[in-house]
1. Out of ILE304, GLY80, PRO203, whose Cα points farthest toward the positive end of the dipole of the chain (charges: +1 Lys, Arg; -1 Asp, Glu; placed on Cβ)?
2. With a 1.4 Å probe and all protein chains in place, put SER4, SER64 in order of accessible area, largest first.
3. Just the Kirkwood number for region 1-93, please: inverse of mean 1/r across all distinct Cα pairs, in Å, one decimal.
4. Taking the Cα centre of region 61-130 as origin and charging only Cβ (+1 Lys, Arg; -1 Asp, Glu), how large is the dipole, in debye to the nearest 20?
5. Can you list which of the trypsin sites (Lys or Arg not before Pro) found in region 157-196 are DSSP loop residues with at most 14 other C-beta atoms within 10 Å?
6. Given contacts defined as C-alpha pairs under 8 Å and at least six residues apart, what's the relative contact order of the chain, whole-number percent?
7. Taking the Cα centre of the chain as origin, work out the dipole magnitude from +1 charges on Lys and Arg Cβ and -1 charges on Asp and Glu Cβ, in debye rounded to 20.
8. List, in order, the whole-Hz ³J(HN,Hα) value for each residue of region 178-192 obtained from phi through the Karplus relation with A = 6.51, B = -1.76, C = 1.60 and θ = phi - 60°; use x for Gly and Pro.
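The values are calculated or read from the model by the stated rules, or taken from the named source; none is laboratory data. This one's a predicted model, so the numbers in the text were calculated from it and none came from an experiment. Here the Cβ positions follow ideal geometry from the backbone for every residue, glycine too, while neighbour counts run over all protein chains shown. Areas reflect the complete protein model, heavy atoms only, side chains present, ligands, DNA and RNA absent. Shrake-Rupley method; radii C 1.70, N 1.55, O 1.52, S 1.80 Å.
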Amino acid sequence: MPTSYAYVCSRGEASKEYDRLRDEGLLKKDLKPMPYGELIAIPVTFGDLELDFQIVERFNPHDSLKTVLSDPPKKWEKLGDLVIFQQGTDTTDWPLDKVAEALNCNRLAIQNEIDPGIERKSQLDLIHGADGWVVHRENFIDYEFDATQVMFSSGNVTERRRMGDLRTDGETIVDAFCGIGYYTLQFLVRGKAEHVHACEINPESIVALKKGLERNSVSDRCTIYPGDNRQTLKQLRGIADRVVLGLIPSSMNVWGLAIRCLKDSGGILHIHMNVHENEIEEWANKTAEWFETASGKSTKIIHIETVKQYCPHIMHVVLDLEIN
Ligand SMILES: C[S@@+](CC[C@H](N)C(=O)[O-])C[C@H]1O[C@@H](n2cnc3c(N)ncnc32)[C@H](O)[C@@H]1O
């Protein structure tokens, strides 16, 4: 095993520190970060501490797949050890065990449409492997869920990361549409939030959220409110520094309740919405006005984040709005 100098930091800081070291040109890119007790050791070009590291494998899955399929698909998504091919991929004559081996995974699935209902259930067909439970690591956080039951939008990775990068230490946060903990886990693990109150209507997502909280050792700082948040949010008056309204196409149904969740002194809302690409600024201004009128307080647009294109001309955006 090769040895390298290492920069050691907490799990919560690891993602940020990794980026910083990379930007400063100090990272040893051919070696993988690894656990060091409760901490993470990141291989760097100089330092005090010398450790043994594993070499990063330079594995090209596209080349590997060409050895078992004559016309291999060009795109797929990997969640944990499950590879998901696009809707309509014809796998009739595929040697599935060899395809799995070539992609270095244990399970294979085909994507169907995401259920358009409020629970946004995943519609995956598992074609190889026993069940859809995966542990998917992203930004140093382990998400655990049954990919055949709940959706995990890989396209929202930047938003998950952005939420984890916020300085939320000591904050009380309400995650009104928490799903499997997309943002809840980021706030608790990386943001060091004091407590997250997490609302979710889909029982399958709640099972996954509980597993994720346990796996990341943060269960004690999260309270789950099962059921419709039009009811559950009423219990959460005046307690939050921050409320996340992570539902598209719109979370308008609970905007009034979200205001009431904030502390008297105010706080920050993260309002998700599908908006036409030419109307984002106008929408943000009108939304800020609406919250100003509804809350009787002043509002300030802190940031507008474009997460991804939802469909032609329609963007998934997030408005960060301060109310006080
Ligand atoms: C789209 S997912 C969350 C996605 C995540 N915020 C992201 O951007 O990756 C929305 C979640 O809200 C939940 N949900 C929808 N309507 C709800 C309601 N009225 N009360 C509580 N949860 C609800 C759904 O079950 C789903 O897990």
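1. ILE304
2. Greatest to least solvent exposure: SER64, SER4.
3. 15.9
4. Rounded to the nearest 20 debye, it is 180 debye.
5. ARG167
6. 10
7. Values: 37 positive and 50 negative charges, 96 e Å.
Computed charge dipole of the chain: roughly 460 debye.
8. 6, x, 8, x, 3, 9, 3, 5, 4, 4, 6, 7, 8, x, 6
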